[in-house]
1. Of everything in the stretch 77-105, what is surrounded by 12 or more Cβ atoms within 10 Å (Cβ to Cβ), β-branched (Val, Ile, Thr) and out of contact with any Ser or Thr (no Cβ under 8 Å at 6 or more places or on another chain)? Give them in sequence order.
2. Does any residue in the stretch 55-83 that is without any contact (Cβ under 8 Å) to a residue 24 or more places away in the chain come within less than 9 Å, Cβ to Cβ, of a residue that is charged (D, E, K, R) six or more places away or on a different chain, and which pairs are these?
3. Test each condition in (1) assigned to a loop (DSSP other than H, G, I, E, B); (2) exposed (fewer than 12 other Cβ atoms within 10 Å of the Cβ); (3) of a type outside the set (A, V, I, L, M, F, W, C) for PRO39 and report the one that comes out false.
4. Here are some residues: ALA82, ALA69, ALA48, ALA78. Which one is modelled with pLDDT of 90 or more, part of a helix (DSSP H, G or I) and either more than 18 Å from ILE140 (Cα to Cα) or not assigned by TED's automatic domain parsing to the domain that holds PRO26 (or both)?
Amino acid sequence: MARHVPLLLASLAAIFLIAPMAIIVPMSFSKAISFEFPPPGYWTGYYAQYFSSHSWLEATANSFIIAFASMALTLIAALPAAFGFVRYRFRGKSMLNLVMMLPIIVPAVVSALGYYSFLSPLRLVGTHAGMIVAHSVLSIPVAFLVVAASPSGNASADRDGVQVGEIDEDGPAVVRRDHGDRAPTPPCRSAGTRWPSTWT
């Protein structure tokens, strides 16, 4: 029973996140001029107005441009930083972690003032580039946390000295860097081959 608890919790969380869609989607087809559930009637007039409005379509295109560009910039910055933070030891590691987390620690009002002070002299306020930079600064810490948390469980084993797949003249081996011992591992078995007794 205990092994089903994580699945149950995940299902409840998914229902909690998806359930509002069961209300929002029907309301988008409502004839009411304000939020009303259940809808008094259904039509597609709001969608027709949206797809026929140049301003709405332009705003949607800007959103996609900013979103995809911010995603690319975030991955370029967060992936190397996260893997380097987890896999290597260096001076100032705690300071790097603090600097990476600053954008989500600093209040939003202070961040907004900082963005304006930085982007205004460059004439990037109200431009795609300025919006991409501002969104990336906020998303990089989140991506850094997610990526750094993923390999952290294996990082301790890697630092303790286990590395799989090194090959030398004696064949494939598991090399322990802390003691220098090696334990041979069997190669792929093919037809007609026999493994030495030390590999079984």
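The values are calculated or read from the model by the stated rules, or taken from the named source; none is laboratory data. Every value quoted in this text rests on a predicted model; they were computed, and no experiment measured them. Methodologically, a virtual Cβ is constructed for each residue, glycine included, from the backbone with ideal geometry; neighbour enumeration extends over all protein chains shown.
1. Hits for the stretch 77-105 are VAL99, ILE104.
2. Once the first residue is without any contact (Cβ under 8 Å) to a residue 24 or more places away in the chain and sits in the stretch 55-83, no partner that is charged (D, E, K, R) comes close enough.
3. With (1) assigned to a loop (DSSP other than H, G, I, E, B); (2) exposed (fewer than 12 other Cβ atoms within 10 Å of the Cβ); (3) of a type outside the set (A, V, I, L, M, F, W, C) applied to PRO39, the lone miss is (2).
4. ALA69
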